[in-house]
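*Asks:* This is the structure, below, for whatever I ask next.
The values are calculated or read from the model by the stated rules, or taken from the named source; none is laboratory data. Not measured: the values here are computed from a predicted model. FYI the Cβ positions are ideal-geometry reconstructions off the backbone, even for glycines, and counts take in every protein chain you see.
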Amino acid sequence: MNEHASTLGEVARLAGVSKATASRAINGRSKVSAKAQTAVLDAVRQLGYTPNGTARSLVTRRTGSVAVILPESDERIFSDPFFARMLHLVSRSLREHDLQLVLLLAEPGDEEERLLKYLRGRYVDGAIVASHHRDDRLAEHLSDLALPCVFIGRPWLGSERVSYVDSDNAAAARHAVRVLLDAGRRRIATIAGPRDMRAGHDRLEGWRHELADAGLDTDLVAYGDFTEAGGAEACASLLDATGDIDGIFAASDLMAQGAMRELAARGIRVPDDVSIVGYDDLGVAEHTRPPLTTLHNPIGSMVTEAVRLLIEAIAEGGRGAPRRVVFVPELVRRASV
C-alpha cells in the first residue's frame, strides 16, 4: 500500500502515456486506444490512484449531479404513482450517463427561496422540473440563473424561455370524449385536475372543446386534486348536482378510481349506467373494477427525451436555444366503456 496519495502524473509515467491521455482514460472519454486504456487502468490499480473529484470539478466546472425539482408536498409525491414512475425512470436514465440524481422538494414560500439559494450555489449541473404550478415561476427563475434545465410538462409562465417535454393533454382529452360519444353517451361530465396546473387546465379545455363541437353541454365539471379521495369527492358533487350523467372523463386514473368507488357505493354500474375514461395508465387502471379504459401518459418517452435535452444543454453551457417536444398519448381500451 502506498504511504502517499498517488498523482495523475505518476499514473501517466507508469503507463507510459501523457497526463492528458491518462486523464481521458480515467474519465472514460473517447480518443484513447485500447492499449493506452489498459495501461492506464493497470497503473491506477498498482498505485491505488483515486481521482480528485474536487480538483476535477474546479477544472471542468461540473459536479456530476442533476437536480430533480418537485414543487409538491412530500405526502403527494410519495403517494402518486406518477412521481414514483418518473423518479425511477429519471434515476435510471441519469445512471446511464454517470450522473447523480439530487431530489429537491419545495413548496411555494420559504422552501422555494431555499431551493433557489441552493441552485445559485451551482451544486448541480442542471435540473429537471416536474409538476409545477401557476404561481411557482420556476421557469423564469431558472432561466434568470442560466442553469440548464428541462421541464416535464409545459410551465404556466416562462415557457418560451426554457426547454420542455410534454404530452398533448388537450388532444388526449378530446380523444377520451370521442370514445364516450361513440359509446352513445351524451351527458358527459369531467373530473378535472387542479386549476393551477397546466395538465389539469389543458385536459379540461380538450374535454370542453370536443363536447362543444358535438353541440353538447360543457357545464358538468368538478375539480379534483389528482388523488383517489379527490376523485371520489368530485364524483359525489357531480351526482348530487344532477342524476343523469352517463359518461365521465377523469383527468387522472387515481381520480377515476375514486369516482368508480363512489359510483359503486350508490349502486351505479360501470359501464352499464356510466362509462368512464381516465388518464395515466401507470398501474392503477388494470386493477379497478372493471379495468379502466384510459389514455397512456408516455412518461417513459418524456423522461428519456428530457434527460437527453438536459445533457445537451449542459454540454452547451446553457447557451442553446430552448427546445420543445410534445408526445401524443394513446388510448388503452379496457372494460369501463
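*Asks:* Exactly one of these conditions fails for GLU160: (1) free of Cβ contacts under 8 Å to residues at least 24 places away in the same chain; (2) surrounded by fewer than 18 Cβ atoms within 10 Å (Cβ to Cβ). Give me its number.
*Replies:* (1)
*Asks:* I've got another one for you. Are any residues in segment 222-257 more than 26 Å from the chain's Cα centre (by Cα) and outside any helix (DSSP H, G or I), and if so, which ones?
*Replies:* THR242, GLY243, ASP244, ILE245, ASP246, GLY247
*Asks:* Continuing with this model, one more query. Among the residues of segment 85-106 satisfying the criterion of being without any contact (Cβ under 8 Å) to a residue 60 or more places away in the chain and part of a helix (DSSP H, G or I), which is surrounded by the most Cβ atoms within 10 Å (Cβ to Cβ)?
*Replies:* LEU87
*Asks:* Could you list, in sequence order, all residues of segment 46-64 that are crowded, with 16+ Cβ neighbours inside 10 Å and at pLDDT 85 or above?
*Replies:* Of everything in segment 46-64, those that are crowded, with 16+ Cβ neighbours inside 10 Å and at pLDDT 85 or above turn out to be LEU47, THR63.
*Asks:* Select, from ARG203, ARG185, ARG195, the only residue that is touching a residue at least 24 places away in the same chain (Cβ under 8 Å) and surrounded by fewer than 20 Cβ atoms within 10 Å (Cβ to Cβ).
*Replies:* Working: ARG203 fails: surrounded by fewer than 20 Cβ atoms within 10 Å (Cβ to Cβ); ARG185 fails: surrounded by fewer than 20 Cβ atoms within 10 Å (Cβ to Cβ).
When all the criteria are applied, what remains is ARG195.
*Asks:* Which one of these does PRO108 not meet: (1) modelled with pLDDT of 90 or more; (2) over 17 Å from the mean Cα position of the chain (by Cα)?
*Replies:* (1)
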